Each structure stands twice: as C-alpha cells, then as structure tokens.
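Participant: Sharing a structure below in structure tokens format, with a few things to ask.
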Amino acid sequence: MDITRRNLFKFGGVLGASWALPGALAAEILKPKAKALPALSSDRRAQALCGLCPAGCLLSLRIVDGKAVGVRGAVGHPVCEGGLCPKGSAVLQELYHPDRLQAPLHRGGPKGSVDFKEVSWDEAGQVLAQALASGRGHGMDAVLSPANDERSSVLAQVSRAMGGRAWRQDWPASQPPLEAFASAHGTRGAFYDLARAACVVSFGWDWLQSWPSPVEAQRAFAALRTGPRRAQLIQVEARLSVTGAKSDEWISVLPGGEEAAALAVARVLLDEKLYDAKAAQASGFAAFKAFVGRHSREEWAAQAGTPVADLTALARRMAAGGPTLALSCRREPSLQAAVHSLNILLGSIGRPGGVLALDAQASSPASAPDVEGLHAAMDGKGAAAVLWLDRVNPMFQSPLRESWAKTLAAAPFVVCSSSFRDETSRYADLLLPPLHAFESWQGVNSVLLDGSPVSSASAPIIKAGGAAVEAVDLLLAAARRRPGGAGLPDTLADSVKSRFARELAGVGHLKGRAPSVRALPTSFPVALLAAPVAKTGGALRLHIQFPLSLSYGEGAQFPYLGGLGAAHLGAQWGTWAEIHPETAARLGIDDGAQVELFRAGASIKAVARHYEGIGRDAVSVPFGLGRTGAGRFAQAVGGDPGRLSGGWSNGSFRQGVEVGIRVL
C-alpha cells in the first residue's frame, strides 16, 4: 500500500481509536499472550575442573534445577584467573552432546569393525574381570592421556600393581623440547621463564595457541608487551601464525626450515664470537661447533629458505641484550637440539628470563614414559592381558598410526575409555565411557609459567544420567581381587578425597612456591643433532597448523569450535588450504576453489584460501578435521593432513613433506 495523505489519516484514525479504548479492554487486548517462564526450584553456582585439556582450569558454573547452563573461568584460580579459552566455552556442548556415550559397549565383531552392542555396567565389570584373569601375559598396561590428574595416577597404580606399565600419549605441539632438555641437562624438569625474558624468539612454535594453558599464555603475552620493559618478540616459522601476527617481526622459512634457520643463527654467533664465555666451557661445545661448521651461514640460510641477512641480523639482535629465550615445541629432536643450543650459547641457562629447573614438587605424581616405547616394549615383553587406553585416540592424534594399528590388533583385550566412538575405539573389545568432569571427582596437578606447582580439585556438581558409574571404579573392583591389588584405593573418589583433601576443603586449589634460580648441569645436546633434509624452492611443501579450537586433535565434535575455523579467511566447517596468492596464480587456483592435496597414494580435499602469510613454496592445512568418528558434527567433515605427513617417534607430525595439489 502506498503511503498517501489519505492513507496516513486512515492509519492515524485506527491508532487514535485504540488509544480511546476503555482501560480494562485495552489491557486485555494488548497484554502478551506468551506463557510466563516457569519458576526455578534452584539456581546456584558451583566450581568444577574443565577436563577438555591438561591445563587444569577451574570453572565457575551456573546450575539451574540440577543442570549446568552457564560457564566462566573461576576468578582467583592461578591457571585461568577468571578467563576462558574457546575450548572451555564449549564444555557444555560436550556435556549435552547427543552422541556422548552413556553406557558400555562390548565388541561383537572383528577388531576394526563397528559391530558393538550396549551392555550394562555390571556386565561390563564381569567382562573386564574375566579379561584380567585370563592369564594371557602380565596383567595390564595403560596408555594415559596428557592430563596430569588423579585418574591417570590411579591407572598407573593399577598397572604397576598388576605387573605392567603406564605410558603417556602426549601432544608434542603443546610441550617444550623435552628431549633436548633431557639431553642437555639430564632431566626433563626444566621450563622457559617466559615472563622475565627481554627477547623471545620462537622457532616454529605458535605458543599463544598451543601453550599447555593458552589462557595463561595470553596473560604472559600481555605482561611481556606492557610496562616499562617491553620484550621483543620474533617468530621464525613457515606460516604467519597468531603468535607471529602479534610479534614484532615474522621471519618466513620453508616448512620444516626452522632447524636450518637456528643453525644459521648459531653459525653467526660462533663466527662473530657473540656467545657467552661459559658456553665454550660446556661439554660438547667443540662437537657442536664442528657440526655447525659443516656449512656456511649462507648455506644454512638457503636450506631454511630465508635471506642470510635476516638471520644474521637476528643472531646479532639475540646477542645484543638479554635475557634471550629461543623457543621450540617438542617437534623432531634435531630441531629441539638446534634451538636449545642457542640458549646455551647465549648464556640463558639457569638465568631469570631463560631456562630454569623445576622443583621436585612440580613433577607429576603419575609420571609415565612416553608412549613411543610401548610398541617395542610389547614386542619384547609380550602383550598384557588388558591394554587400557584412557581418553586418548592415537589412531587419529598420532602420526604413527600403522604402528598403533599393529599394537592394538595384537593386544589380547583392549579397553578404550572414551566419551565418543572415535577412530581408536574401533579396535576396542570393551568401550567404557568416562563420566563427564562435572559428574565426577577430579584432581589435577599443573605447573604455571613461573614454575609454581598448582593442585586443583572438585567434587561432582551434577548427577550422572541413568545408571552411569565411574569406569575406573570397575577396574579397581576387579584389580583389588587380583594378586598385588590389595593396596589399591576402593574408588577414584576415595583417592581424590585423600590426595586433594586440602584443596577440596578450601577454595578448590593450592599454589606452591616458584622454584629458586639455580644452576643446571649443561652440555650441548649433540647426540640429537642430525643434518636437516635439504629444502629448496620450487616444490610445494606441506605445513600443518594446530589451531587452538582443534588443539590435541580434539574439538571438531563440538559445533561451537567447528564454527570458529579460520576467522582471518572466513573459512569454517571444513578444511582449508592456505596458499600464497602468487603461487595460486601460477598454479591457476582461485580463492575458494575446491582442491585436492596428494602424496604417496593418500589425498585430502580442501577449500583453497589465498593468504599472504604463507611462503610461496608452502601450503598450510589445519589438523583436527577429517574424522571418521567422534559424532555427527565431526564425522566426514574436512580432511586429515596427518594422512599425508608421517611423523617422528616422539609423536610429532613431520613438517615440510612435498605434496601435489590440483583443482577439482
């Protein structure tokens, strides 16, 4: 209808008539017809540990009529200080996920199939007890999650009581260079004193997204960039990451070229005698100098794919003022050794703002060897009667999938304790879902950036659905009847209440003292050094990125995290392949085109996204998608670059493999 003078008067008349209605009639006509909100019988706040990663953040939850409906970080907790990462924001989606397992599943067909049937918890307990009593091999081996919690501690106790061992499936992308620490200092108990550094140079570690506690890393970043002492941040990596974008400088290298870049910096420090005097007295100095001397700085820089002038300037800047920290995550041991040797050369060991030793009190009570030795141990000692995998998914999270498939197929009886039917659960004989963190007793030990130990605990804040019980309690009931099991706790709850009594009686956490600065025995980790594979321009090389929303290879099953994607590119709900615009033009790849990456008979599909923050000889793909399990929101969404890359024995993915790409 046109707005004319006549129609305007008509509308005005109708409106005036409505104003002229008697008050009671107008109230009846105009009152809202929607039903009133139901009255709430209870509305309270409670604290619980998150459980979605090993950081050990304590959460504050709103509980309405017995259901968790809101979440935020617990104010005053030393790890999160009231903050929340994207994963913590998705914790309610885990709790209410339609595909989260609520009952045990028992295998009905061959391993590798999906033929399972639901059984009661009593039946599951009987099946587990029979497997433990089968007499096939020693009692039980356990593969623990990266979480340093009481659940892992109890499982380690059970394994030892039954003559087996507990192993840890770590996530190297969120760990410091443990192999380099052990080789250089005789202990893995060292840490980066990040908050007191004056210059931080990271070689390939996007630490703002993958530090053990990303919330704490963000706070450390803020501290480094404010106040009178503004630290200098430099990122040496193949792709401009979140950390690189927030740094003072990004030095681009080829995927996998960080090691050669570190050796080029070392060559400059040695040639120009810019190293600390004590470094020359350290064991292995001559051997390290000889190794670096195999190539000139120009040759090392060429292997890194970086102008030698940039790396020369970087070396001089690192030596100019201190303390300087050279960071790397737990990638290939040779990269760890090359980068950590820079800390030794620069005199950053045992110095505030450098690399410090952890106190014994900060060590894990459930410390276990890395899972890399499990396969060899099983071959040499024989398989255990039961192999228990707790909240881990190595058939997706690990690059060593062929070894894992062989180990799982050979194990007489496999128990997977997982909330979802994932890639590894296909090999399980019995699937025992754990209670959610909000439904169970939790106790976690963590270490802050300054080396201070923190212990946190929480009681169940909501009731588990149905007849659900704690899976570890089933194991304890069966193990206590076996030889050596008399000293085990009755339940996981008993163990948490015993070991974390002070935390539970107080505010939910205790913080210990930061370690004192003391000398670390130091030698150059020359045993780990290896000539890096030469990388030249021209070939397209794969870079695997690890977004925070998909850290630890988990997160795709939660819609909120799946929708985050790559905000800088507008890519979500699928795998994207970042490629430099000039490279894309040369290869005829439009922005948004469907492409296929391929190598050695394997391939994945992705959406091409032009990105100037990637080198011209590289293509970058996120890890965490391309799942074949984990529920409806994750399954068959995107591609898995782990199928293309291969990996190292410590569980880290190989960077820089040559791949092909074609438009679909």
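Participant: How much of the DSSP bridge set in the chain is antiparallel, in percent, rounded to the nearest 5?
Facilitator: 55
Participant: Something else now. Taking R0 as 45 Å, what's the FRET efficiency between residue 271 and residue 463 from their Cβ-Cβ distance, rounded to 0.05?
Facilitator: 0.10
Participant: Along Cα→Cβ, 7 Å out, is where each label goes; now give me the distance between the ones at residue 573 and residue 62 in nm to one decimal.
Facilitator: According to this spin-label approximation, the distance is 2.8 nm.
Participant: To continue, here is another question. Determine the alpha carbon to alpha carbon distance for each of 35/67; 35/87; 406/463 and list only those over 27 Å.
Facilitator: 35/87; 406/463
Participant: Excluding ligands, DNA and RNA, what is the solvent-accessible area per residue of the range 129-245 at a probe of 1.4 Å, expressed in Å²?
Facilitator: Heavy-atom accessible area per residue stands at 28 Å².
Participant: Among 343, 322, 521, whose Cα sits farthest toward the positive end of the charge dipole of the chain (+1 at Cβ of Lys/Arg, -1 at Cβ of Asp/Glu, about the Cα centre)?
Facilitator: After comparing all options, I get 322.
Participant: Name all residues of the range 71-99 having a backbone nitrogen under 15 Å from the label point set 7 Å from the Cα of residue 44 along its Cα→Cβ direction, giving them as ranges.
Facilitator: none
Participant: Which percentage, to the nearest 5, of the DSSP beta bridges contained in the range 533-664 is antiparallel?
Facilitator: DSSP beta bridges in the range 533-664 are roughly 60 percent antiparallel.
Participant: Are there GluC sites (Glu not before Pro) in the range 246-284 that DSSP marks as loop and that have at most 15 other Cβ atoms within 10 Å, and which are they?
Facilitator: Answer by residue number: 272.
Participant: Moving on to the next point. Considering every pair of different Cα atoms, what Kirkwood radius, in Å, is found for the chain?
Facilitator: About 26.9 Å for the chain.
Participant: Right, another one. With a 1.4 Å probe and all protein chains left in place, how much of the accessible area of the chain comes from carbon and sulfur atoms, in whole percent?
Facilitator: 54
Participant: If R0 is 45 Å, what FRET efficiency do you get for residue 81 and residue 658 from their C-beta distance, rounded to 0.05?
Facilitator: 0.55
Participant: Same structure again: Once you place label points 7 Å from the Cα toward the Cβ at residue 402 and residue 103, how far apart are they in nm?
Facilitator: The two pseudo-label positions are separated by 4.0 nm.
Participant: In debye, nearest 20: dipole of the chain around its Cα centre with unit charges on the Cβ of K, R (+) and D, E (-)?
Facilitator: Taking the Cα centre of the chain as origin, the dipole is about 880 debye.
Participant: Quick one: if you stick a label point 7 Å off each Cα along the C-beta vector at residue 590 and residue 126, how many nm between them?
Facilitator: 6.3
Participant: Among the chymotrypsin sites (Phe, Trp or Tyr not before Pro) in the range 86-145, which ones are in a DSSP loop with at most 16 other Cβ atoms within 10 Å of the Cβ? Mind listing them?
Facilitator: Those satisfying the criteria are 96.
The values are calculated or read from the model by the stated rules, or taken from the named source; none is laboratory data. Predicted model, so just to flag it, every value in this text is computed and none were measured. Note that each Cβ is placed from the backbone with ideal geometry, even for glycine, and that neighbours are counted across all protein chains shown. Only protein heavy atoms, including side chains, enter the accessible area calculation; ligands, DNA and RNA are left aside. Shrake-Rupley method; radii C 1.70, N 1.55, O 1.52, S 1.80 Å.
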